[in-house]
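One structure below.
The values are calculated or read from the model by the stated rules, or taken from the named source; none is laboratory data. Worth saying up front: this structure is predicted, and the values here are computed from it rather than measured. Counting neighbours? That spans all protein chains shown, and the Cβs are built from the backbone with ideal geometry, glycine included. Please note that ligands, DNA and RNA were not included when accessible areas were found on the heavy atoms of the full protein model with its side chains. Shrake-Rupley method; radii C 1.70, N 1.55, O 1.52, S 1.80 Å.
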Amino acid sequence: MLCIAVAPESRRLGKVDLFNAAPQCDLIEFRLDRLGKEPDLKEMMDGIGKPILVSCRRPSDGGAWDGTEDERLMQLRTAIITGPAYVELELDIADKVPRFGTTKRVISYTSLQKPLANLEPIIEKAVAAKADVVKFVGPTPTLDAAWPLLATISKKRTIPVVGMGLGKPGVMFSLLGLKYGAPWIYAALERGLEAHAGQATITELAETYRWRDIVPQTRFVAVAGFGAAETTTVRVMNAGLAHHQLNIRCLPLEIGASDKITQMLDTLHINVLLANPQFCERALNLATDIEEAARKAQYADLVIKQQNGWHAYNTAWKSVLRVVEAELGAKSAEDRPLDRRNVFVIGAGGMGRSVAFGVQKRKGLLSVTAPDDGEGQRMAQTFGARFVPIANMYDTLCDLVFIAEAQAQDGLLATPGGTGVKLNPAFLRPPMYVTDLTNLPGESHLLREARERGCKIIEPSKIFGDHLATLFKTITGKDLPPEVLDTELARPV
């Protein structure tokens, strides 16, 4: 079931919220803690047509109740008499509110500041308090912090467990809950009405995560990160998977500093991980086998578990070069329009090294620079390129410019000292070809400058789209339909 929480500030608005939520969910949580006066709950539930879960949250549990604790308990006891489907009671007060009628008891435990840990004893206490459902709420900034709750949800047990992770990563619990049999998951009715910051809306759950398709047999592909590019990746991949009627969906994860990532993925039965740029270097540590492009660039955007362990791949450089060569006039895979062209790569990070690897493969005349001259020199040595000190970059003649350092966004190349070196847009001039890989699939300030100055732009959105199609083909063995790709890329994030 899908549960939407409504927390009205008046009885009149409460009825409106209930009517708005009912057609879009299976269960409505009606929060009493923001109401100024005690509602006629029986009258408010009349005609709604969906089961109601009543709660009254203290500030320490994420609510807004400002009365006394005795008054709050009286509100809950009175609410139960009206016969809602569920009542939510915190573990510490559950014994003060007896079971009544057919109303089922959701016994909850909330930790707003610290990640949840050691949950089994809490479940035992909730069972002793006559719980029909156990609910946990806690912050989930990273996979490591979220792991106790994730492991709890994924374990088969006799009593249902509901998890609500705070922040954007909370959607992990919703999707895993669907797979492992949670009685319901949570969503916001619309943006601005979230129960907590970053909570997914019903529209996002449907259009991006395709929650209705997830069943116990569904396999997950992990996607690291919750940024705009990662969310777009999830949406595009899920649309393609649905098009081919594959019982696979994407699970977004915020991966922190844990050294037990592969064990966690194994527990969740996940054997594919798509790494975002922030995780691409660390992704190498997961693998026992690393392909040449990933090893030389020290950058892996795809990690797959095979029979002999995890394998790391770098697929980004192929997409970059494929789109660039098409823009340069390549008619077939055998054409090499980069041959003998002057190519300038700005940035020595993973994406910069990946592009350098591809340009080297295509026999381009490669020059590199970086905010740190030492890093730039090491990169040039690795790929047989010409090193250009950052102070001399304006004297460099080039046919094609790749802006690949993340800090180059908005016209700045950050130096180790943190002051930043201004990249004068006058460096970008026709007839240069220019692309910016720092903000895929969006457009940076530097790329807008290059466009306005008459440079030939290689659109980042084309590179991003090709990359997603490559990942999809690698994972599924099937083509990502162009119409699916175009439609989903056109949607706002």
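So I270 clears everything in (1) in contact with a helix residue (DSSP H, G or I) (Cβ under 6 Å, 6 or more places away or on another chain); (2) under 22 Å from K168 (Cα atoms) except one condition, right? Which one?
Among (1) in contact with a helix residue (DSSP H, G or I) (Cβ under 6 Å, 6 or more places away or on another chain); (2) under 22 Å from K168 (Cα atoms), I270 violates only (1).
Can you tell which of R249, R219 is modelled with pLDDT of 90 or more, in contact with a helix residue (DSSP H, G or I) (Cβ under 8 Å, 6 or more places away or on another chain) and open to solvent by 10 Å² or more (accessible area, probe 1.4 Å)?
Step by step, each of R249, R219 is checked, and only R249 is modelled with pLDDT of 90 or more, in contact with a helix residue (DSSP H, G or I) (Cβ under 8 Å, 6 or more places away or on another chain) and open to solvent by 10 Å² or more (accessible area, probe 1.4 Å).
Looking at (1) more than 18 Å from the chain's Cα centre (by Cα); (2) acidic (D, E); (3) farther than 20 Å from K156 by Cβ, can you tell me which one E254 breaks?
The one condition E254 does not meet is (1).
Of the conditions (1) within 25 Å of R219 (Cα to Cα); (2) open to solvent by 60 Å² or more (accessible area, probe 1.4 Å), L302 satisfies every one except a single condition; which number is it?
(2)
Any idea which of (1) touching a Lys or Arg at 6+ places or on another chain (Cβ under 6 Å); (2) farther than 29 Å from P148 by Cβ is the one K42 doesn't satisfy?
Against the list (1) touching a Lys or Arg at 6+ places or on another chain (Cβ under 6 Å); (2) farther than 29 Å from P148 by Cβ, K42 comes up short only on (1).
Condition check ((1) assigned to a strand (DSSP E or B); (2) more than 18 Å from the chain's Cα centre (by Cα); (3) aromatic (F, W, Y); (4) within 21 Å of V6 (Cα to Cα)) across all residues:
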| residue | (1), (2), (3), (4) |
| --- | --- |
| R99 | no, yes, no, no |
| S108 | yes, yes, no, yes |
| A126 | no, yes, no, no |
| F136 | yes, yes, yes, yes |
| A151 | no, yes, no, no |
| M164 | yes, no, no, yes |
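Between K456, K473, which is in contact with a Pro (Cβ under 7 Å, 6 or more places away or on another chain), open to solvent by 60 Å² or more (accessible area, probe 1.4 Å) and either at pLDDT 90 or above or among the hydrophobic types (A, V, I, L, M, F, W, C) (or both)?
None of the others qualify; the one that does is K456.
Does segment 314-327 hold any residues that are out of contact with any Phe, Trp or Tyr (no Cβ under 7 Å at 6 or more places or on another chain) and not in a helix (DSSP H, G or I), and which are they?
T315
Only one of (1) assigned to a loop (DSSP other than H, G, I, E, B); (2) surrounded by fewer than 20 Cβ atoms within 10 Å (Cβ to Cβ); (3) not β-branched (V, I, T) is not met by A195, so which one is it?
The failed condition is (2).
When only residues in segment 476-492 that are hydrophobic (A, V, I, L, M, F, W, C) and surrounded by 16 or more Cβ atoms within 10 Å (Cβ to Cβ) count, which is modelled with the lowest pLDDT?
L489
Just one of the numbered conditions (1) touching a helix residue (DSSP H, G or I) at 6+ places or on another chain (Cβ under 7 Å); (2) open to solvent by 10 Å² or more (accessible area, probe 1.4 Å); (3) closer than 15 Å to L471 by Cα is not true of S319; which one?
Looking at each condition in turn, S319 falls short on (2).
Open to solvent by 10 Å² or more (accessible area, probe 1.4 Å), touching a Pro at 6+ places or on another chain (Cβ under 8 Å), at positive phi and modelled with pLDDT under 95 - does that describe any residue in segment 254-263?
Looking through segment 254-263, none of the residues is open to solvent by 10 Å² or more (accessible area, probe 1.4 Å), touching a Pro at 6+ places or on another chain (Cβ under 8 Å), at positive phi and modelled with pLDDT under 95.
Starting from residues that are charged (D, E, K, R) and touching a helix residue (DSSP H, G or I) at 6+ places or on another chain (Cβ under 9 Å), keep the ones in segment 115-134 and report whichever is surrounded by the most Cβ atoms within 10 Å (Cβ to Cβ).
K125
I need the full set of residues from segment 474-493 which are closer than 16 Å to V234 by Cβ and of a type in the set (D, E, K, R), in order please.
Of everything in segment 474-493, those that are closer than 16 Å to V234 by Cβ and of a type in the set (D, E, K, R) turn out to be E488, R491.
Can you tell me which residue is nearest to H467 (Cα to Cα) among those in segment 264-293 that are surrounded by fewer than 17 Cβ atoms within 10 Å (Cβ to Cβ) and among the β-branched types (V, I, T)?
Looking at the filtered set, the residue picked out is T288.
Looking at segment 1-26, I want the residues that are farther than 26 Å from P59 by Cβ and acidic (D, E) and have a partner that is open to solvent by 30 Å² or more (accessible area, probe 1.4 Å) and at pLDDT 85 or above with Cβ atoms under 8 Å, at least 6 apart or on another chain. Which pairs are those?
D26/M1; D26/K50; D26/P51
Would you pick out the residues in segment 259-286 that are among the hydroxyl-bearing types (S, T, Y) and either out of contact with any Leu (no Cβ under 6 Å at 6 or more places or on another chain) or free of Cβ contacts under 8 Å to residues at least 24 places away in the same chain (or both)?
T267
State which residue is surrounded by the fewest Cβ atoms within 10 Å (Cβ to Cβ) when the search covers only segment 81-99 and only residues that are under 17 Å from F30 (Cβ atoms) and out of contact with any Pro (no Cβ under 9 Å at 6 or more places or on another chain).
Of everything passing the filter in segment 81-99, I81 is surrounded by the fewest Cβ atoms within 10 Å (Cβ to Cβ).
Cβ-Cβ distance below 9 Å, separation of 6 or more or different chains: which pairs start in segment 446-464 with a residue that is closer than 18 Å to R491 by Cβ and in contact (Cβ under 8 Å) with a residue 12 or more places away in the chain and end on one that is in a loop (DSSP other than H, G, I, E, B) and of a type in the set (A, V, I, L, M)?
Short answer, once both residue conditions are applied: P460/L437; P460/L440; S461/L440; F464/L440.
If you take the residues of segment 23-80 that are part of a loop (DSSP other than H, G, I, E, B) and hydrophobic (A, V, I, L, M, F, W, C), which of them is surrounded by the most Cβ atoms within 10 Å (Cβ to Cβ)?
Only one residue tops the list, namely C56.
Residues are listed down the side, and each one gets a yes or a no for (1) small (G, A, S); (2) at pLDDT 95 or above; (3) over 29 Å from H311 (Cβ atoms):
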| residue | (1), (2), (3) |
| --- | --- |
| E405 | no, no, no |
| T419 | no, no, yes |
| R429 | no, no, yes |
| E449 | no, no, yes |
| H467 | no, yes, no |
